[in-house]
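Each remark here refers to the structure printed beneath this line.
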Amino acid sequence: MLTVDFSRFPLAPGDRVLDLGCGAGRHAFECYRRGAQVVALDQNAEEIREVDKWFAAMREAGEAPEGATATAMEGDALALPFPDESFDVVIISEVMEHIPDDKGVLAEMVRVLKPGGRIAVTVPRYGPEKVCWALSDAYHEVEGGHIRIYRADELLTKIREAGLEPYGTHHAHALHSPYWWLKCAFGVDNDKALPVRAYHKLLVWDIMKKPLATRVAEQALNPLIGKSFVAYATKPHLPRLADNGADAK
């Protein structure tokens, strides 16, 4: 289940991609399938081990084209272990709402992104997230949980202040909002509640089968109750000092 829409966020074979806070690796795997040179980074050692196993399985199965590479590694989003301008693409999906210093994370992403490079940022959407917080303290008052809810204009302002130029936004996963509302209403750790189990089966069926009816329904509902807000931006090319000097002569 991808949150980033690669039809709006073009990826070319050979692009060097950082999936920051990769979690289970869903976006990293898709980039690998598309021929990118992927680095999946997360601070969770257990998840990184699993992502590394899946990368190996994909290589073995021939799922990635020739020239594609994939590396899974532990790391700190506030102190990325990469030189300046190392990546063509950076993805950070459902991560920034967990990090107190979100401006610091944006600064690090801008540092390692090449001029002209692209970045995709996804966070829980304000409206559906507010419902979750209202229904359940346990949903967000956990170690490593959500510490803020972004309004779209707030996130876009922070992206611009970091030196990036947003070029598109959308919402995603409308069918998942009711599931999380049910989870919060019946208890975030209570997977046995009948409404939660029934809706989970629907989501699994939808993900596996991708029926037209639910695809159309989700597209129609995304602007209203999409669970995630997605923003795309580019890092501008700065004028070269040599060019400025030549103009001044």
| request: Could you provide, to the nearest whole Å², the per residue accessible area of segment 1-97 with probe 1.4 Å? | output: 46 Å²
| Over 24 Å between alpha carbons, listed pairs K130/K158; K158/K210; K114/K158; K103/K183; K103/K130 | K158/K210; K103/K183
| field | Counting DSSP beta bridges with both ends in the chain, the antiparallel % (nearest 5) | value | 40 percent
| task | Under 1.5 on a/c is rounded, so check that first for segment 11-80, then, if it is not, pick prolate when a/b is larger than b/c and oblate when it is not; a ≥ b ≥ c are the square roots of the alpha carbon gyration tensor eigenvalues. | result | oblate
| For segment 126-249, what is the accessible area per residue in Å², given a 1.4 Å probe and the full set of protein chains? | 61 Å²
| query | Alpha carbon centre of segment 76-110 versus segment 145-176: separation in Å? | reply | 14 Å
| query | How big is D, in µm² s⁻¹, for the chain by Stokes-Einstein at 37 °C and 0.692 mPa s if Rh is the Kirkwood radius over C-alpha pairs? | reply | 169 µm²/s
| task | Would you mind checking the tilt of helix 152-161 against the longest principal axis of the Cα atoms of the chain, expressed as 0 to 90 degrees and rounded to 10? | result | 20 degrees
| Debye log10 I(q)/I(0) for segment 133-230, one point scatterer per Cα, at q = 0.21, 0.22, 0.25 Å⁻¹ | -1.15, -1.18, -1.26
| task | Would you calculate a helix-derived [θ] at 222 nm for the chain, using -39,500 (n - 2.57) for each DSSP H run of n ≥ 4 and dividing by the full residue count, to the nearest 500? | result | -13000 deg cm²/dmol
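The values are calculated or read from the model by the stated rules, or taken from the named source; none is laboratory data. Just so you know, these numbers come straight off a predicted model, no measurement behind them. Note: accessible area is taken over every heavy atom of the protein model, side chains too, but ligands, DNA and RNA are not part of it. Shrake-Rupley method; radii C 1.70, N 1.55, O 1.52, S 1.80 Å.
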